[in-house]
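Here is the structure we will look at.
The values are calculated or read from the model by the stated rules, or taken from the named source; none is laboratory data. Predicted, not measured: the structure shown is a model, and the values here were computed from it. Backbone-built Cβ (ideal geometry, glycine too); neighbour counts: all protein chains shown. Accessible surface is based on the protein model in full, side chains and every heavy atom, while ligands, DNA and RNA are left aside. Shrake-Rupley method; radii C 1.70, N 1.55, O 1.52, S 1.80 Å.
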Amino acid sequence: MKNKINFLDLGFQPLANNYLRKNQLNKKEKKYRLKIGINTNTKLVSINKPISSKMMFNNKYPYRSSMSKTMLKSFKNLAISINKNLKPKKILEIGSNDGSFIKNFSKKKVIGIEPCSNIEKITKKKGFNTYSLYWNLKTARELLKKEGKVDLIYSANTISHIENLDEVFKSINILLNDNGTLIVEDPSLLECLKKNTYDQFYNEHIYVFSLLGIENILKKHNFEIFHVQNLDIHGGSNRYFIKKKINKGQILSSVNKQRKKELSYGIQKISTYKKFAKRVKSSKDELKRIFSKISSKNKKVIGYGVTAKSATILNYCKIGKGLISYFIDTTKDKQNKYTPGTKIPILKYQGFIQKDVDFVFLGAWNFQKEIFNKEKKFIKRGGKFIIHTPRPKIL
Ligand code: TYD
């Protein structure tokens, strides 16, 4: 693509959420070359060759946002603040997953859009007004006819998964009232660079947004950011509060503060990304060293939380079932399957870490606090965690 400079090559990667069944283990897995680049005009950072939405988000999608207390709490707090401060009459969530956010509102008030029909069904069954559709112009026009305009649109960890951002915001423009609010929440590029969390890049995360990058797209569509919140969610996310330009509201100081933080870190400079790529390579070498040292001592290592992010780490660092005996995870649709590419068995979380385990690789490092709280017994008996951020270490 014109104006795009690639700065990081994460090698051949499988689809990050494509957990394998036993009978698929001997079949050849589809892999693609994962390269990351920056558009020098827009400053948007993205993966090289996005896979089609239909291949990634379909009726077999395993991810459930309700699997973490941290997420549930974050959605609940946001819902309380929305009701108190913005008082919308009608709300739309783009990418409503299993309803973790919309369940905080009265059923009459909210609409959920979720393309993965296996998950959309869960929310619909609870009596919510949901549609199994992809977010695009067709959907926006259809919804406008059926539901009319809305006062608030919320989308967490979804917009960064859609390649055509122009269509995303054109579609939002159609459905959002002129004095309405759009709230977009996604992992923060600044945090990703600072924490060396290169695993934010996988096939579903087409973009990792900075304020600078997303602003450049928003302004094309006559939107502007009036407030930014930095969240701990997913290893550091930004929640952007956005309005239509024709709506003359106040721009809060948080926007300039974020812009300054990004500029002073050098988010606009190619050299920043080149340095990041070097750090990623060292991180890989260091993580491999840690694993080989432990395995030479015959210690039992398992993984905790099979994340799409960890697929990037395991495949990039070539850490497979010789080094990690199995993963444990609370998500039913991941259990009794195998990790993509590396084929490590995934077992059901039994409520504790088994007694014979010495080390736990934290796939869900973004829920470290929640998991450490839960696994006090393991920590007390001397069990150790392996984490790759900000640099690989044993905790
Ligand atoms: P997440 O980081 O949200 O995913 P991704 O990188 O795919 O966006 O996934 C967290 C995974 O960890 C999810 O499969 C649920 C699992 N998990 C546990 O098994 N136990 C826990 O206590 C927590 C918090 C998560």
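All but one of (1) at pLDDT 95 or above; (2) among the charged types (D, E, K, R); (3) away from the ligand (no atom under 16 Å from the Cβ) hold for LYS54, so report the exception by its number. The number of the failed condition is (1). Return a yes/no flag: does region 379-389 have any residue that is near the ligand (Cβ under 10 Å from one of its atoms), hydrophobic (A, V, I, L, M, F, W, C) and not in a strand (DSSP E or B). Taking every residue of region 379-389 in turn, none turns out to be near the ligand (Cβ under 10 Å from one of its atoms), hydrophobic (A, V, I, L, M, F, W, C) and not in a strand (DSSP E or B). Of all residues in region 34-53, those being touching a residue at least 24 places away in the same chain (Cβ under 8 Å) and open to solvent by 80 Å² or more (accessible area, probe 1.4 Å) number 1. The residues in region 350-363 that are open to solvent by less than 50 Å² (accessible area, probe 1.4 Å), in a loop (DSSP other than H, G, I, E, B) and aromatic (Phe, Trp, Tyr) can be counted, and the count is 0. Looking at this structure, is LYS28 open to solvent by 60 Å² or more (accessible area, probe 1.4 Å), closer than 24 Å to LYS149 by Cα and out of contact with any His (no Cβ under 7 Å at 6 or more places or on another chain)? Against the criterion (open to solvent by 60 Å² or more (accessible area, probe 1.4 Å), closer than 24 Å to LYS149 by Cα and out of contact with any His (no Cβ under 7 Å at 6 or more places or on another chain)), LYS28 does not qualify. Among the residues making up region 313-322, those that are under 22 Å from LYS299 (Cβ atoms) and crowded, with 20+ Cβ neighbours inside 10 Å are ILE313, LEU314, CYS317, ILE319.
Are any of the residues in region 100-110 assigned by TED's automatic domain parsing to the domain that holds CYS192 and within 16 Å of the ligand (Cβ to nearest atom)? Yes, some residue in region 100-110 is assigned by TED's automatic domain parsing to the domain that holds CYS192 and within 16 Å of the ligand (Cβ to nearest atom).
Candidates are the residues of region 281-337 that are assigned to a strand (DSSP E or B) and touching a helix residue (DSSP H, G or I) at 6+ places or on another chain (Cβ under 9 Å); the one that is farthest from the ligand (Cβ to nearest atom) is VAL301.
Return the residue satisfying two criteria in turn: it lies in region 1-27 and is assigned to a loop (DSSP other than H, G, I, E, B) and over 24 Å from THR307 (Cβ atoms), and of such residues it is modelled with the lowest pLDDT. That would be MET1. For region 157-186, the candidate set comprises residues that are within 16 Å of the ligand (Cβ to nearest atom) and open to solvent by less than 10 Å² (accessible area, probe 1.4 Å); within that set, the residue that is nearest to ASN222 (Cα to Cα) is ILE159. Is it the case that SER271 is away from the ligand (no atom under 16 Å from the Cβ), at pLDDT below 95 and not basic (Lys, Arg)? So SER271 fails the test. Number of residues in region 59-100 that are modelled with pLDDT under 95, part of a loop (DSSP other than H, G, I, E, B) and open to solvent by 50 Å² or more (accessible area, probe 1.4 Å) equals 3.
Taken over region 331-349, residues that are modelled with pLDDT of 95 or more and either farther than 23 Å from THR389 by Cβ or open to solvent by 50 Å² or more (accessible area, probe 1.4 Å) (or both) amount to 8.
For every residue, the table says whether it meets (1) among the charged types (D, E, K, R); (2) part of a helix (DSSP H, G or I); (3) out of contact with any Pro (no Cβ under 8 Å at 6 or more places or on another chain); (4) modelled with pLDDT of 95 or more.
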position: ILE122; (1), (2), (3), (4): no, yes, yes, no
position: GLY127; (1), (2), (3), (4): no, no, yes, yes
position: ALA140; (1), (2), (3), (4): no, yes, yes, yes
position: LEU143; (1), (2), (3), (4): no, yes, yes, yes
position: TYR154; (1), (2), (3), (4): no, no, yes, yes
position: VAL168; (1), (2), (3), (4): no, yes, yes, yes
position: LEU182; (1), (2), (3), (4): no, no, yes, yes
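Residue by residue, here is whether (1) outside the structural domain of LYS337 (by TED's automatic domain parsing); (2) under 20 Å from THR389 (Cβ atoms) holds:
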{"residue": "VAL255", "(1), (2)": "yes, no"}
{"residue": "LYS278", "(1), (2)": "no, yes"}
{"residue": "LYS281", "(1), (2)": "no, yes"}
{"residue": "ILE290", "(1), (2)": "no, yes"}
{"residue": "LYS293", "(1), (2)": "no, yes"}
{"residue": "SER296", "(1), (2)": "no, no"}
{"residue": "CYS317", "(1), (2)": "no, yes"}
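When you scan region 190-221, how many residues do you find that are away from the ligand (no atom under 16 Å from the Cβ) and either under 23 Å from ASN85 (Cβ atoms) or among the hydrophobic types (A, V, I, L, M, F, W, C) (or both)? Count: 8. Cβ-Cβ distances below 9 Å connect the following pairs, each with a first residue in region 281-310 that is farther than 30 Å from MET56 by Cα, a second residue that is open to solvent by 60 Å² or more (accessible area, probe 1.4 Å) and within 16 Å of the ligand (Cβ to nearest atom), and a separation of six or more residues or different chains: LYS300/GLN354. Cβ-Cβ contacts under 6 Å between residues 6 or more apart (or on different chains), taken from a first residue in region 14-33 that is closer than 12 Å to ASN203 by Cα to a second residue that is assigned to a loop (DSSP other than H, G, I, E, B) and open to solvent by less than 40 Å² (accessible area, probe 1.4 Å), are listed as PRO14/GLU29; PRO14/PRO340; PRO14/GLY341; LEU15/ASN203; ALA16/TYR202; ALA16/ASN203; ASN17/PRO62; ASN18/PRO340. Does TYR265 meet the test of being more than 30 Å from GLN24 (Cα to Cα) and modelled with pLDDT of 95 or more? Spelling it out, TYR265 is indeed more than 30 Å from GLN24 (Cα to Cα) and modelled with pLDDT of 95 or more.
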